[in-house]
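Participant: Dumping the structure here so I can ask a few things about it.
Every read-out reported here was derived from the displayed coordinates using simple, explicitly stated rules and does not represent laboratory data. Just so it is clear, the structure is predicted and the values come from calculations on it, not from any experiment. All Cβ positions, glycine included, derive from the backbone under ideal geometry; neighbour counts span all protein chains shown.
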Amino acid sequence: MAQVGRSASVSRIARLGRHFRNFWPYYVMILPGLTFLILIKYIPMAGSVIAFQNFSLRKGIWGSPWIGLENFRKLLNYDDFHRVFRNTLILGALKTLIVFPVPILLALLLNELRQPRIKKSIQTVVTIPHFISWVIVGGLTFDVLGSGGLFNQIRAAFGLDMILPMQKSPWFRPVYVLTSIWKESGWGTVVYLAAISGIDPGIYESASIDGASRFQKMTRITFPMILPTAVTLFLINIGSFLDLGFDQVFNLYTPMTYDVADIFDTYVYRSGIQQGKYSFSTAVGLFQSVIGFILVVIFNRLSKKVSEDGGLW
Amino acid sequence: MKKLSSRILGLLLALVMMTAGMSIAAAESAETYPDIEYWFTNEGFLPAEVGGAYYNLTKETIGVGVYMPYVDWNGGQTYREQLALRVAANDMPDIFIYNNGIENSMILDGVALDLTDYLPEYMPHVWEAIPASVWETVKANDPTGQGRIWTIPDVTTFTRHGAYIRTDWLEAVGKEMPKTQEEFVDVLRAFKENDLNGNGAADEIPTGGRMEARWMDYLFAMYGVAMYEGYPEWDVYDGQITYSAVTPNMKEALKFVSDLYKEGLLDPETLLNSAGDWSGKFDSNRIGVYYHIPWVAYQRLQGIYDFTGGAVKAQVANLPQISAEGYEGFITVKPTGNSGKMVSADVAKDEQLMKAAFRVLDCQYNMEYRDLEYGVEGMHHEVVDGKKVKLPEDKATQELLILQTPGCQVETVDVISSRLEAIRTEENSWQIDESLALLNGNQADGKIIAADGMPSSVYDGYEDIQNRTLYVEYISKIISGEYDLDKFDEFVDRWYSIGGTEVTERVREWYAGKQ
């Protein structure tokens, strides 16, 4: 029995050796990428240990005293922890449920445009907002919704009173969703349009012969064909579920909307970055990452159940 | 082959000789001082780099070349981040300014130089210029508890803030300068109803402020609420030092302010205005009463002048500090600011460098070098009839004036007055006169509050109290009418429960020690 095992492992090693001899140029090719990952992604990860320290810039990682889980305890005992956590979850869910599907829809619609010129120009127009920073988008939003902005001018034309949505909590979430869609959905179509262009035209042709309408072709061919792409993107997104992006919320919230807008990132900014509490910020970041990791694992399992070769791994 | 190696040898020899020459030169210049990297507020001016015009000026004038790479101030945020990076890299600037409480961790981390023993000998002008009482406060606040001096605090010995009112508007509506709260509200109404800027639109804003209920301190101050640029302060209420935001005074003030908001006498966008939005509204000739730093009013007046194409030379005057019935109104004054200068502990490794740093600091407080304020001839000023006249501010062509810009020395009415005189030109003379009148007009309204010199370490571990997060949220909602005034009591309870109790204890302990 033991001998069989041994000879099996010997032959495995031999096979591996042959494999490397045959394919070594490929391994050399991935070497730079691998080095990059290790140097830039994995080694800095070790820096997360400062979450368990009372980190001081001067003393560095080696010299700073250990304080165990103190920072995590502080986070969980934070008076508004449940509020921050709830806001993060709600905004994350809105982003996943409402914002995420928009690019798919947009890509399907763009794909149906026959006139290439119009298609290209619409694509350009919807993609451009991606390159505008949130500081500017935030400023525009405040202006449009301000007392003399477009929103209130329209209201005035209908004889309605002026309101200032940016200082009213119930308005924050819709504004958050709409600005996300405005800024990012066009950019999001890029990947889907690439996936669509990869679909074999023969499929469409045979569908036409079978008498499928354009709408049927869209729902029965195009959509299912880009679904694996969508699932992969979804899984990538879900990993950063709690990572809503500091910029957007920070540039859109006001003290009057804290109760629905304050999220981990803005909290960390106020208590960590502004006050130079690096350990604490790292602890919160770690907390977010762990939750993100758990979510990715769960959804990966789910997607495997749904389709045979779904999932990231 | 031989030729090549001899060439290399020759090259090496040349190199050795060059370095030797350099070290000889260095030994010679040891008579003079090494350069000093000095980090200061830069909001868009060109950096003052080694060999640049400003660097040369300082080198000529005080014998020490002063430089600073471009570090954006950005409300202090980017500056602090960049400074933290340099701390982490173990490559500190020699002198740097601090604010917002970063000084404590720097002192505890050993980044700062203990200045106690050096001040009298090497920086006599600094030592003299800053009042002894302030030095006592600095010693009492030493986070290491040893009573040492690690910082040179910015000191302001005058009433820096105040409200001013458009007197040309006041005249137009035929009203007297308001002295009581009733008269004040009456004037605000008149400002709102008459088309005072004459543009045909009802866009006049009687008064207002900025996001986070900032820059309208004078409205709160009518009820004796100590407030500094929108930050509630600690003062004595009911015989004990207390956070002004949780006092009954605050509740009354809020009632007043929220009523003004409801009536439309405050800018509806008060709680959304950024700094630029708010000053922009004044500059576009729309605001009646404006709370700010009165002596910089000349910039606002120029703004209106430009906006109206030279048609309006706005007239302004101090709004007297009004007291609500039964209260004593005042403008909060804190001579010992929460900012100042520190010296890197690393300069002590090189005695000459340390002396250079001390010399730079001492010269800043030495009136003999007052003219540094004018900067470089041709860049910052020109000479007219043998007198230096400042050129208009131009961030595209001017290097940062590291050593003489507002906040850099002990600020007194005299210092500010001379600073205003320095920028007087034929065109802006009327603005300078108004600024000077505003500066001198409200000095009597100021009161030094009990918390002057309080170390920010009282907030350690209670960031949300220091950031006044809860305060801003509740107060904004009460002013905008989303919350009833009764919610104020809930705010007070919550404030105490999230750490207000502990912070209050620390402050009272500190105050007992101060007395």
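Participant: Would you grab the residues whose amide H sits under 5 Å from the one on B:LEU266? Only those 5+ places off in sequence or on another chain, please, with H modelled 1.01 Å from N.
Facilitator: B:TYR261
Participant: Right, here's the next one. Taking a virtual spin label 7 Å from the Cα of A:LEU113 along the C-beta vector, which residues in the range A:169-204 bring their backbone nitrogen under 19 Å of it?
Facilitator: Once the point is set 7 Å along Cα→Cβ of A:LEU113, A:181-198 turn out to lie under 19 Å by backbone N, inside the range A:169-204.
Participant: Can you tell me which of B:325-332, B:97-104, A:194-201, B:254-261 comes out highest on packing, and rank the rest after it, using the mean Cβ neighbours within 10 Å?
Facilitator: Values: B:325-332: 17.4, B:97-104: 21.6, A:194-201: 12.9, B:254-261: 19.1.
Result, highest mean first: B:97-104, B:254-261, B:325-332, A:194-201.
Participant: Which distance in nm do the two modelled labels at A:PHE23 and B:LYS262 give, with both placed 7 Å along the Cα-to-Cβ direction?
Facilitator: 7.6 nm
Participant: Something else: Using Cα springs under 10 Å in a Gaussian network model of chain A, which residue among A:TYR176, A:TYR192, A:TYR78 shows the largest mean-square fluctuation?
Facilitator: A:TYR78
Participant: Let me test this: with uniform point scatterers at the alpha carbons of chain A, what is the Debye-based log₁₀ I(q)/I(0) at q = 0.07, 0.08, 0.11, 0.12 1/Å?
Facilitator: Per q value, in the given order, log10 I(q)/I(0) is -0.45, -0.57, -0.97, -1.08.
Participant: Related question: Can you compute 3J(HN,Hα) from phi for each residue in the range B:293-304, using the Karplus curve 6.51 cos²θ - 1.76 cosθ + 1.60 with θ = phi - 60°, rounded to whole Hz and x for Gly and Pro?
Facilitator: 9, x, 5, 8, 4, 4, 5, 5, 5, 4, x, 5
Participant: Mind checking which of A:VAL144, A:VAL268, A:VAL296 has the largest fluctuation in a GNM of chain A, springs on alpha carbons under 10 Å?
Facilitator: Comparing A:VAL144, A:VAL268, A:VAL296 in the GNM, the peak value goes to A:VAL144.
Participant: Which ³J(HN,Hα) values in Hz, rounded to whole numbers, follow from the phi angles of the range A:121-137 under the Karplus curve 6.51 cos²θ - 1.76 cosθ + 1.60, where θ = phi - 60° and Gly and Pro get x?
Facilitator: Here the 3J(HN,Hα) series is 5, 5, 4, 4, 4, 7, 7, 3, x, 4, 8, 8, 6, 5, 4, 6, 4 Hz.
Participant: Report, as an integer, the average count of C-beta atoms from other chains found within 10 Å of each Cβ along B:473-483.
Facilitator: Working: counts 8, 3, 2, 6, 8, 0, 2, 6, 0, 4, 1.
Mean shielding count: 4.
Participant: Another one. If you take every residue apart from B:GLY340 with its C-beta less than 9 Å away from the C-beta of B:GLY340, what net charge results, scoring Lys and Arg +1 and Asp and Glu -1?
Facilitator: Overall, the nearby charge balance is -1.
Participant: Which whole-Hz ³J(HN,Hα) couplings does the range B:344-350 yield from phi under the Karplus relation 6.51 cos²θ - 1.76 cosθ + 1.60, θ = phi - 60°, glycine and proline marked x?
Facilitator: Taking θ as phi minus 60°, the curve returns 5, 4, 5, 5, 5, 5, 10 Hz for the range B:344-350.
Participant: Check which residues have an amide H placed less than 5 Å from B:ILE205's amide H, if you skip close sequence neighbours.
Facilitator: B:ILE287, B:GLY288
Participant: Skipping prolines and chain starts, which residues have an amide H placed within reach, meaning under 5 Å, of the one on B:GLN398, given they are 5 or more residues away or on another chain?
Facilitator: Excluding prolines and chain starts, which carry no amide H, the hits are B:LEU46.
Participant: Also, quick follow-up: Treat the count of other C-beta atoms within 10 Å as a stand-in for reagent exposure and order B:PHE358, A:PHE52 from fewest to most. Write down the numbers at each step before the final one.
Facilitator: Values: B:PHE358 24, A:PHE52 19.
Least to most surrounded, the residues fall as A:PHE52, B:PHE358.
Participant: In whole percent, what relative contact order does the range A:80-306 give with Cα contacts below 8 Å and a gap of six or more residues? List each step's numbers first, then the result.
Facilitator: On the way: 206 pairs, mean separation 69.1, N = 227.
After rounding, I find 30 percent.
Participant: Ignore the peptide's own chain and count Cβ atoms of other chains within 10 Å of each Cβ in A:250-256; give me the average, rounded.
Facilitator: On the way: counts 0, 0, 0, 0, 8, 16, 13.
So the per-residue partner count for this stretch is 5.
Participant: Remind me, relative contact order of chain B in percent, using alpha carbon pairs under 8 angstrom and six or more residues apart? Intermediate values should be presented prior to the final figure.
Facilitator: Values: 833 pairs, mean separation 116.1, N = 515.
Normalised by residue count, the contact order of chain B is 23 percent.
Participant: A follow-up question, please. Could you tell me how far the Cα centroid of the range A:81-96 sits from the Cα centroid of the range B:345-396, in Å?
Facilitator: Here the two parts' Cα centres lie 52 Å apart.
Participant: While we're looking at this one, here's another question. Could you please state, rounded to a whole Å, how far the C-alpha centre of the range B:71-87 is from the C-alpha centre of the range B:210-285?
Facilitator: If you average the Cα positions of each part, the centres end up 29 Å apart.
Participant: Rank by packing, highest mean first: peptides B:386-392, A:92-98, with packing defined as the count of other Cβ atoms within 10 Å averaged across residues.
Facilitator: A:92-98, B:386-392
Participant: Could you order the peptides A:59-68, B:179-188 from most to least packed, using the average number of other C-beta atoms within 10 Å per residue?
Facilitator: Going by the mean number of other Cβ atoms within 10 Å, highest first, we get B:179-188, A:59-68.
Participant: Between rounded, prolate and oblate, where does the protein assembly as shown land on the alpha carbon gyration tensor, with a ≥ b ≥ c its root eigenvalues, rounded for a/c under 1.5, else prolate if a/b exceeds b/c?
Facilitator: oblate
Participant: Only Lys, Arg, Asp and Glu count, each charged at its Cβ (+1, +1, -1, -1), so figure out the dipole size of the protein assembly as shown about its Cα centre, rounded to 20 debye.
Facilitator: 5260 debye
Participant: Report the gain in length on full extension from B:THR116 to B:SER417: 0.36 nm times residue separation, minus Cα-Cα distance, nm rounded to one decimal.
Facilitator: Here the segment from B:THR116 to B:SER417 would lengthen by 105.2 nm.
Participant: Expected output is a single nm value to one decimal: the length gained when fully extending between B:ALA202 and B:GLU136, i.e. 0.36 nm times separation in residues minus the C-alpha distance. What is it?
Facilitator: Details: separation 66, 0.36 × 66 = 23.76 nm, distance 5.37 nm.
Net length gain for the segment: 18.4 nm.
Participant: Okay, moving on. Starting at 0 and stepping by 10 Å, how many percent of the alpha carbon pairs of the range A:140-255 end up in each bin?
Facilitator: Pair shares across the bins are 11, 28, 22, 19, 16, 4, 0.
Participant: Can you flag which of B:LYS262/B:LYS487; B:LYS255/B:LYS487; A:LYS168/B:LYS487; B:LYS179/B:LYS334 are past 20 Å Cα-Cα?
Facilitator: Table pairs above 20 Å Cα-Cα are B:LYS179/B:LYS334.
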